[in-house]
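Below: one structure, written as structure tokens.
Throughout, read-outs are computed from the coordinates displayed, never taken from laboratory work. The structure presented is a predicted model; accordingly, all values stated were derived computationally and were not measured. Here the Cβ positions follow ideal geometry from the backbone for every residue, glycine too, while neighbour counts run over all protein chains shown.
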Amino acid sequence: MSHNQLFDGERGSGCIGGWWIDRDEAKRRGMNEEWWKSTLPDGRKVDDRQHDNNGPRDKPIWLFVNGDMYLGSWEKIGLKILEAGFGISYDHTPREVKGKCYIGDFKIGTCHGYGRSFWLEASPSWKSNRLPRSEIKEKGRGKRKGLPYEYVGGYKQDVKDDKNATVTLKDGTKKYGVWKKGKPIVPTNSDWWTDHNDEKEIVVDLTMNQVISSATVAVSLSLSRNNNFNEVASLLEREAIGHDANKGEMEEYAKNLVGIGCHSVEFIKIYCEDKDVDGWDWMKQMHRRAFKKWLSERNK
């Protein structure tokens, strides 16, 4: 694609020019990898098709003039056409983030909701295992190099924000913990390595007027060791019930689902039937209806 060629339009929050490109060109520009086929931890991936009704069927991927790319849903807000809904992006600039991708929720042209950011294996920062301005530094004292990492968790307008995000380093090290305003939250005189957890925990917000029985506490402690819990909650929030579902409510539903044996997304998709939902009195009536509709459409 020549920069001298007329733009196919202007898109994104920066409202910059770009072109529709096919998969072969997207692969060539993406370090020879089919980056748009990457998945979330629960297996979801972006449909490999044109998501814009006015876009060419054979060229589903948008190439920004700066080299960034995007496949996924769009929304027109005023005069702008912005990334919105579910999608995947590839970063080309600046150079230190070349080859970094994000798959997940978008809103008003930003990463907003649940998602996964990761590096392609051929990315310069991932290959060298070095990212100077990284929020995470290698173990040790004194001057330590910054490390690239995979992040799975919440975002607010392009900024990492989650009560229990997952971070994975190139060597496979995993840590779980709180992120706020794009940074891992640690106490004074502590660091990410020593403060964040080696096991994922379920974070429950309690108010003064909430009364929790010992049985409920026991279930919560058991769920804290179940890595599938957040995936079940995510399935409810973004797919099975969806429509801007309340995250807190979906987490409560997920606890009940895991408690009755629906312990993973895979199990729910294979074994749950419409009639099972009728007895779920702990779920709001309208939510039960949405869940049953989702199940029936999956089983067609």
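Under 16 Å of direct C-alpha separation, and excluding same-chain neighbours fewer than eight residues apart, Lys284 reaches these lysines: Lys247, Lys255, Lys275, Lys292, Lys293.
Counting Lys and Arg as +1 and Asp and Glu as -1, each charge on the Cβ, what is the dipole of the chain about the Cα centre in debye, to the nearest 20?
Using Cβ point charges on Lys, Arg, Asp and Glu, the chain gives about 880 debye.
Ordered by the number of other Cβ atoms lying within 10 Å of each residue's own Cβ, fewest first, Thr93, Thr168 fall into the sequence Thr93, Thr168.
Taking other Cβ atoms within 10 Å as a rough exposure proxy, Ser134, Ser234 sort from fewest to most as Ser134, Ser234.
Think of the chain as a dipole: +1 on every Lys or Arg Cβ, -1 on every Asp or Glu Cβ, centred on the Cα centre; then among Asn66, Ser13, Leu147, Leu147 lies furthest on the positive end. From least to most packed, judged by other beta carbons within 10 angstrom and beginning with the fewest, Leu169, Leu295 follow the order Leu169, Leu295.
Normalising the average separation of contacting C-alpha pairs (under 8 angstrom, six or more residues apart) by the number of residues puts the relative contact order of segment 232-300 at 33 percent. If you take the Cα atoms of the chain, find Rg, then find the Kirkwood Rh from the mean of 1/r over all pairs, what is Rg/Rh? My calculation puts Rg/Rh at 0.99. Considering only Trp20, Trp280, Trp193, the mean-square fluctuation computed in a Gaussian network model of the chain, springs between alpha carbons under 10 angstrom, is largest for Trp280. Exposed loop sites, defined as GluC sites (Glu not before Pro) outside DSSP H, G, I, E and B with at most 12 other Cβ atoms within 10 Å, are absent from the longest region of the chain, namely 35-120. Modelled spin labels at Lys181 and Lys76, positioned 7 Å past Cα toward Cβ, are 3.8 nm from each other. In the chain, helical runs assigned H by DSSP with n ≥ 4 each contribute -39500 (n - 2.57); averaged across all residues and rounded to the nearest 500, the mean residue ellipticity at 222 nm is -6500 deg cm²/dmol. FRET efficiency for Thr188 and Glu249, Cβ-Cβ distance as r, R0 = 30 Å, nearest 0.05? With R0 = 30 Å, the Cβ-Cβ based efficiency is 0.30. Over the chain, Cα pairs under 8 Å with separation of 6+ residues give a relative contact order of 9 percent.
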